[in-house]
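See structure below.
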Amino acid sequence: MSDRTLGRRVGELVAALAAAAAVAVFARRVGPDLSVTVQSALFALAAALALVGAATTRFRQGLIFLYAALVAGATGYAASTHSFGGAGTFAFVVLALVALLGAVYVVEERRYGLRRGEAVAVVVVVAVAGGALVAADLGTSPLSYETTVHASAELPETTEGDGPTPVVVGSATVDNDFRYREQISFPPARACVFDGTNRTDTPVLYGTDGSYFPSSVGGNGRLRANVTILAPQAVVESLSAPVPVERADDCPAESERERIVVVVAE
């Protein structure tokens, strides 16, 4: 192997490691703040870059495999986080499959290649598109939250097992004023339950239709979630329904009457 060839391969390895490090830093620091729509789009744009690399460099097979993995990841993530409906999801998956198989056939079987200038042009277009999506996403704060508590909470008539008992004590809504599907992060909350003698601290969960921690809300949409405490079964059985519910800045040390105090961080 000539010194020139060795130097070129070392340069390619260093460039690949630098690109991987940049992607890792971006994913760690910026990725969690992005909407799920932009996250899905970035998977697709990364797949496009992998395909360009497969059509330009000698690492054809490895980059085609990376392209296939990224297309599958983008498709699965988008389909699982966006409400396309049954027909829409089917059409989306079929289009992704056509893009995957078509690109693999053209690049791998037909040995289609891009000239260096063409590859650079595609990379620039992809980079500009990705940058525009990220800038538009990070430049907005479209989510607004509102949490309310009920005047009183009804207790379940029956309890199952020995685990904690869910009791709905309020509701929370989140409004998305932007067109991207955004990740939800309801304000942290906690509660304390008083039975007239003892105080019991309980966690607070946000959930819809029995599923806790809703993850995202669609563009220009609204999502409503129940504010639910998980109280020990023995505590719930010691209470008399309905139980008064109050919202406060902090839980009192003690109380001589039955009540549930909910503390929501602002």
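The values are calculated or read from the model by the stated rules, or taken from the named source; none is laboratory data. Just so you know, these numbers come straight off a predicted model, no measurement behind them. Cβ: placed from backbone, ideal geometry, glycine included. Neighbour counts: every protein chain shown. The area values use the complete protein model at the heavy-atom level, side chains included, leaving out ligands, DNA and RNA. Shrake-Rupley method; radii C 1.70, N 1.55, O 1.52, S 1.80 Å.
Data for the structure
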item	result
Counted residues, segment 175-195 - those being touching a Cys at 6+ places or on another chain (Cβ under 9 Å) and open to solvent by 10 Å² or more (accessible area, probe 1.4 Å)	1
Positions within segment 214-266 being under 30 Å from His82 (Cα atoms) and out of contact with any strand residue (DSSP E or B) (no Cβ under 8 Å at 6 or more places or on another chain), in sequence order	Glu266
Verdict on Ser255 being touching a helix residue (DSSP H, G or I) at 6+ places or on another chain (Cβ under 7 Å) and either β-branched (Val, Ile, Thr) or open to solvent by less than 40 Å² (accessible area, probe 1.4 Å) (or both)	no
Selection count where residues are among the charged types (D, E, K, R) and open to solvent by less than 60 Å² (accessible area, probe 1.4 Å), scope segment 107-147	2
Residues that are assigned to a helix (DSSP H, G or I) and farther than 18 Å from Ser40 by Cβ, drawn from segment 124-178	Val124, Val125, Val128
Candidates Leu155, Leu138, Leu97, Leu101, filtered to the one that is of a type in the set (A, V, I, L, M, F, W, C) and in contact with a strand residue (DSSP E or B) (Cβ under 9 Å, 6 or more places away or on another chain)	Leu155
Number of positions in segment 76-106 that are surrounded by 13 or more Cβ atoms within 10 Å (Cβ to Cβ) and within 22 Å of the chain's Cα centre (by Cα)	11
Failed criterion for Thr165 (all others in (1) in contact with a helix residue (DSSP H, G or I) (Cβ under 9 Å, 6 or more places away or on another chain); (2) surrounded by fewer than 16 Cβ atoms within 10 Å (Cβ to Cβ); (3) farther than 28 Å from Ser35 by Cα hold)	(2)
Evaluation of Ser83 against (1) farther than 20 Å from Tyr180 by Cα; (2) at pLDDT below 80 (one fails), failing number	(1)
